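Structure record follows, encoded as structure tokens.
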4 protein chains.
Amino acid sequence: MLNTTKQKFIAVIGGSQATPAELEAAEQVGHEIARAGVVLVCGGMGGVMEAACRGACAGDGLTIGILPGESRLHANEYVKIPIVTGIGYARNVTVVKSAQAVIAIGGSYGTLSEIGYALQSGLPVVGLNTWGISRNGNEKSPIIEAKTPTEAVETALEMIG
Amino acid sequence: MLNTTKQKFIAVIGGSQATPAELEAAEQVGHEIARAGVVLVCGGMGGVMEAACRGACAGDGLTIGILPGESRLHANEYVKIPIVTGIGYARNVTVVKSAQAVIAIGGSYGTLSEIGYALQSGLPVVGLNTWGISRNGNEKSPIIEAKTPTEAVETALEMIG
Amino acid sequence: MLNTTKQKFIAVIGGSQATPAELEAAEQVGHEIARAGVVLVCGGMGGVMEAACRGACAGDGLTIGILPGESRLHANEYVKIPIVTGIGYARNVTVVKSAQAVIAIGGSYGTLSEIGYALQSGLPVVGLNTWGISRNGNEKSPIIEAKTPTEAVETALEMIG
Amino acid sequence: MLNTTKQKFIAVIGGSQATPAELEAAEQVGHEIARAGVVLVCGGMGGVMEAACRGACAGDGLTIGILPGESRLHANEYVKIPIVTGIGYARNVTVVKSAQAVIAIGGSYGTLSEIGYALQSGLPVVGLNTWGISRNGNEKSPIIEAKTPTEAVETALEMIG
């Protein structure tokens, strides 16, 4: 049995539309999460979410898709555990709260809302070519920037001990 | 890999406070769901939810807990996949929409809200000593009553083909 | 200024599809709520919700529509305060929690989920030709049945003091 | 009767903890929104939300508080219409979707999530000393920065025609 206080989940967030470079990074991130024995949780749709799930499946990992809509049929084909929330994009809060760390890859405004929720929840957020955020231009970004997928996963793993 | 269009989920709903008979029924329902190779989804808390998860774990099954609060630490110890929704009891809609059939065991008003959502979503609802509902007293209840845990699980499995 | 601890809200719940008798009852209920100086809150859509809002507007009352979707354009035309939740039918919990008492008129399964939430939240629920519910067939229904719209509103007003 | 297709709502977002300068700005923003005949919607709690509602009440405006919790008693005292969502911080999506434009004043991570949701929903976001956001450092921020409360409200009003 998984031990829910020890089995770690990492959320991978990013756009349903993404560049080839982002998709490649997401797939590698998913693969390394799976190889580390960590569960991947995401929004369950296409783009970065699908690429990350594909990578995790290739590494024989578990993938959870927290879907916005009314049917599991909208999940990408690499989601092993589809959760049908029925609450639209309010599900963004569920994606991040279910994890112990978050890796953001590229992403648009939905990803920005997830970064906000993750930081509000006190979760570490590792970024790969994602949003830069600052208050008044004079504060250090709370997003930990990584240069490679490997560095992103290693950093997230370190943060969650 | 699980195939998300074929791997079935059954939701077990019921109160966090329950009678010994309800707990025993829930444990047996969970056990038989697991033995049928079906994933058990529930609200992740105590009472009927915990007993059903315990039974499923004894049958080496997978258990998903859709939690109302802000932390996975509130899940019962038999939840293998804790989903931290952060949306309170609005998560009841997610519990039922994530499944293809629902088994209601005893239960209080929260269970009634889940029965409403399940029927609204067109899901079959099998009842074990749960709410009776009617409109104008002259309609057949849409809840399929079962007499035993075995009959409840068999009926739910039949309904989802 | 309204005093939020004294200004009462009554939720009117019921189906978006309704019989002529239900619509007539809803309109009268809305009218009497408005005449009592109470704010009407509902799901903002058609059927019973629209009829109740129409009645409240005729009585110069305030109407709030807690909408399931993504746009205020889906509100019925008698909603003065459209709230766009974006959370689908999970918004049922918001409809009832925003009120101090609930009047259920007819209704289908969505209404049943709202009755469950209202009773879970400890709110009085007055019914007009709505769901009958019981546990084991031997308990008194927690829904207070009224015979007329006037009686329904008077009962709800009494319950909220 | 308000006409729901013409009556505009502006959301004011910002932290429940705020600097004196932010509170002063929020109060003035609320006042000018009210004087323009526009409804103010916010998260209903303290800090920037309370100051904005106080300003709106001074201008005899209508204030709506979309509360995260389970009781209207947690609303600040200047909220005229308390909406009790019961969905926690997932209510951030409801705050912005209920408005036609958003003014962000200071703010922490919750505000960042609301900015993300507002931009995802295609709403104009005017900022007063709030988050700066960028993708790759080379894109223009989608937040329209204002220098004064008056400019913020004028800009928001222009955007919503």
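Every number in this text was worked out from the coordinates using simple rules, so none of it is lab data. Computed from a prediction, not measured in an experiment: that's the story for all the values here. In this analysis, Cβ positions are derived from the backbone assuming ideal geometry, glycine residues included, and neighbour counts consider all displayed protein chains.
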request  = Look at residue C:69 and say whether it is of a type in the set (Gly, Ala, Ser) and either more than 26 Å from residue A:88 (Cβ to Cβ) or surrounded by 24 or more Cβ atoms within 10 Å (Cβ to Cβ) (or both).
outcome  = no
remark   = In region C:41-62, anything in contact with a strand residue (DSSP E or B) (Cβ under 8 Å, 6 or more places away or on another chain) and at the interface with chain D (Cβ under 9 Å from one of its Cβ atoms) is listed as C:41, C:57, C:62
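Let's see how each residue does on (1) in contact with a strand residue (DSSP E or B) (Cβ under 6 Å, 6 or more places away or on another chain); (2) more than 14 Å from chain B (Cβ to nearest Cβ):
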position	(1), (2)
C:73	no, yes
C:93	no, no
C:110	no, no
C:132	yes, no
C:155	yes, yes
request  = Consider residue B:29 carefully, then state whether it is under 25 Å from residue B:131 (Cβ atoms) and either more than 14 Å from chain C (Cβ to nearest Cβ) or crowded, with 22+ Cβ neighbours inside 10 Å (or both).
outcome  = yes
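For the condition more than 7 Å from every other protein chain (Cβ to nearest Cβ), within 30 Å of residue B:147 (Cβ to Cβ), surrounded by fewer than 24 Cβ atoms within 10 Å (Cβ to Cβ) and not hydroxyl-bearing (Ser, Thr, Tyr), what is the one hit in C:124, C:142?
Checking each option against the conditions leaves just C:142.
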remark   = Here the residues within region C:115-127 that are under 19 Å from residue D:69 (Cβ atoms) and within 11 Å of the chain's Cα centre (by Cα) are C:118
Condition broken by residue D:22, with the remaining ones in (1) within 11 Å of another protein chain (Cβ to nearest Cβ); (2) in contact (Cβ under 8 Å) with a residue 24 or more places away in the chain satisfied = (1)
query = Can you name the condition, by its number, that residue A:45 falls short on among (1) under 13 Å from the mean Cα position of the chain (by Cα); (2) over 19 Å from residue A:146 (Cβ atoms); (3) buried (at least 23 other Cβ atoms within 10 Å of the Cβ); (4) not hydroxyl-bearing (Ser, Thr, Tyr)?
reply = (3)
note = Of those in region B:75-91 that are free of Cβ contacts under 8 Å to residues at least 24 places away in the same chain and at the interface with chain C (Cβ under 8 Å from one of its Cβ atoms), the residue farthest from residue B:147 (Cα to Cα) is B:87
ask   = Among the residues of region D:141-150, is there at least one that is in contact with an Asp or Glu (Cβ under 9 Å, 6 or more places away or on another chain), assigned to a helix (DSSP H, G or I) and at negative phi?
value = yes
